[in-house]
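The values are calculated or read from the model by the stated rules, or taken from the named source; none is laboratory data. It should be emphasised that the depicted structure is a prediction, and the values quoted were computed from it without experimental measurement. When we count neighbours, we look across all protein chains shown, and the Cβ atoms used for this are built from the backbone with ideal geometry, even at glycine.
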Amino acid sequence: MKKTGIDAISFYVPSLYVDLKELAQARNIAFAKLNKGLGLNQMTFADVNEDAASFAANSLLELIYANKIDPRTIGRIYLGTESAVDSAKPTCSYAIEAVEKQLSETFGERCFKNCDVVDMTFACVGAVDALQNCLDWVNNGKARKAIVIASDLAKYELNSGGEYTQGAGAVAMLVKENPSIISFSKTWGVATKSVGDFFKPRRNFEKIETFKDTAQLLGLDISEDKAKEILDKSNSEFWSNSNKYFELFKEEPVFDGPFSNSCYQERITEAIEHLNSQKPINVLKDWQSLIFHLPYAYQGRRMIVKNWVSWLKENNKLNNLTEEIGDYNKDEGDLWYKKASKSKLYQDYVNEKIAPGEKASSQIGNMYTASIFMSFLSMLNHAIDNKLNISGNKIGFLSYGSGSKSKVFQGTIEPSWKSRIIHSKLFFYLSHRKKIDISTYELLHKNELEKPIIKNNAIQLSNIEHSPLKMGFRNYKKING
């Protein structure tokens, strides 16, 4: 049977980070809540000239350079993102245009000319959708190659409950037959339910009311009729817009954290059940590692406790837990599960099967679609750095996207995985980024800085067009730092 999976993998993470101990102090939050409770140490933040398209472009370019890929052999590049820079033209198309410019001397103009390019969006599970789609495409052809990119900017309101979970970056993966790193089972579990746990709505503001509010700020009290009269005569590109409403897009989402956690747990449980209904999996025995979508580093370990207890029951090992914390009783309810999460038995399970995938998240923060793949890359780099032999290990992937959907699937580490990961140096890179202070971070967050803080040897946003026929179009080029 033909194997398909990930043959090569690369990443791009912005070079700026915020120390979360300093952010906790500035927000009057106990650092232990973030560090011990959520597993957070640092938070990546994008520079002035970075966005989801530039992240994607840099991860793609690194994938091609590091693995000596001929881009003309790639049949499709699918991008998972919820940080699109355009509502019509795929963000992926901006990225490949920038990469083509860099590759033109070697491979000629338009080296992706015959490549299918698509964005896929379903909150944080979009890149998993892209992976499954590309795996199917490779399976249904001969010697096909695809690239899947996950690229996102996780940005929340200042002083909000999500602020300390922000992050950014991209992961790019080459998908082909006979992969070097991991091959995937063709059986996937999926669970979907439309909910409003996290979303980025189009926010509408009535134009006349906005104008009257603006006048009030200037000390003027204007009637609705007078406001309408002034606006009807206006030649301003902004105020003369014929629409009754202004539409405002914000990267910062509307979200309900506790509800989203419940949805995460429910969808993942349903997706595991769906997987088991097709091909039974004994998670406790069969999976040597569990890789999660991580909005914060400890999300997976916190969300999966009840499932873990169920897995113990399935394997007649629940007594190992009850001997440590006592039998379950209804009066304790969730308190008993909290005891279970703090038990030595569970901590040993976490340290062996989950913690290696959390390490990068602790230093990066939430990467939305890229989080689950960065968790996988974290686990691989941990294995390299600790000289672990993981060839043949079965890996369970538990993905989640708000809105909401989960996909659960299995992969097997291939014997040649080390050859593709040995030069990754993920943790070395993360330890050599530039720390920014809280005031600088806040200026970046509010888009009040005009010049980038550092110059990287990377593809970056060079300008946004203002001419009538190009209004809002984004241009990218490689900057030699």
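Screening the candidates SER310, SER341, SER260 for the property of being more than 18 Å from GLY411 (Cα to Cα), outside the structural domain of THR187 (by TED's automatic domain parsing) and touching a residue at least 40 places away in the same chain (Cβ under 8 Å) yields one hit, SER341. Whether any residue in the range 354-368 is in contact with an Asp or Glu (Cβ under 6 Å, 6 or more places away or on another chain), part of a helix (DSSP H, G or I), buried (at least 16 other Cβ atoms within 10 Å of the Cβ) and touching a residue at least 12 places away in the same chain (Cβ under 8 Å) is what I want to check. Yes, the range 354-368 contains at least one residue that is in contact with an Asp or Glu (Cβ under 6 Å, 6 or more places away or on another chain), part of a helix (DSSP H, G or I), buried (at least 16 other Cβ atoms within 10 Å of the Cβ) and touching a residue at least 12 places away in the same chain (Cβ under 8 Å). Just one of the numbered conditions (1) exposed (fewer than 12 other Cβ atoms within 10 Å of the Cβ); (2) in a loop (DSSP other than H, G, I, E, B); (3) without any contact (Cβ under 8 Å) to a residue 60 or more places away in the chain is not true of LYS455: (1).
Would you check which residues across the range 194-244 are surrounded by 13 or more Cβ atoms within 10 Å (Cβ to Cβ) and under 30 Å from SER406 (Cβ atoms) and list them? Scanning the range 194-244 gives VAL195, GLY196, ASP197, PHE198, PHE199, LYS200.
Check whether at least one residue in the range 253-262 is of a type in the set (A, V, I, L, M, F, W, C), in contact with a helix residue (DSSP H, G or I) (Cβ under 9 Å, 6 or more places away or on another chain) and under 30 Å from SER160 (Cα atoms), and report yes or no. There is no residue in the range 253-262 that is of a type in the set (A, V, I, L, M, F, W, C), in contact with a helix residue (DSSP H, G or I) (Cβ under 9 Å, 6 or more places away or on another chain) and under 30 Å from SER160 (Cα atoms).
When ILE390 is tested against the conditions (1) of a type in the set (A, V, I, L, M, F, W, C); (2) without any contact (Cβ under 8 Å) to a residue 60 or more places away in the chain; (3) part of a loop (DSSP other than H, G, I, E, B), the lone failure is (2). State whether one or more residues within the range 102-116 are of a type in the set (S, T, N, Q), assigned by TED's automatic domain parsing to the domain that holds ALA150 and touching a Leu at 6+ places or on another chain (Cβ under 8 Å). Checked against the condition, which is being of a type in the set (S, T, N, Q), assigned by TED's automatic domain parsing to the domain that holds ALA150 and touching a Leu at 6+ places or on another chain (Cβ under 8 Å), the range 102-116 yields at least one hit.
Given the criteria among the charged types (D, E, K, R), part of a loop (DSSP other than H, G, I, E, B), touching a residue at least 12 places away in the same chain (Cβ under 8 Å) and touching a helix residue (DSSP H, G or I) at 6+ places or on another chain (Cβ under 7 Å), does LYS2 qualify? Criteria met by LYS2.
Counting only helices (runs of 4 or more DSSP H) that fall entirely inside the range 25-115 and contain at least 3 residues that are within 24 Å of GLU358 (Cα to Cα) and touching a strand residue (DSSP E or B) at 6+ places or on another chain (Cβ under 9 Å), the qualifying elements are 52-67. Annotation: LYS279 fulfils all but one of (1) touching a residue at least 40 places away in the same chain (Cβ under 8 Å); (2) surrounded by 15 or more Cβ atoms within 10 Å (Cβ to Cβ); (3) under 30 Å from ASN389 (Cα atoms); the unmet one is (2).
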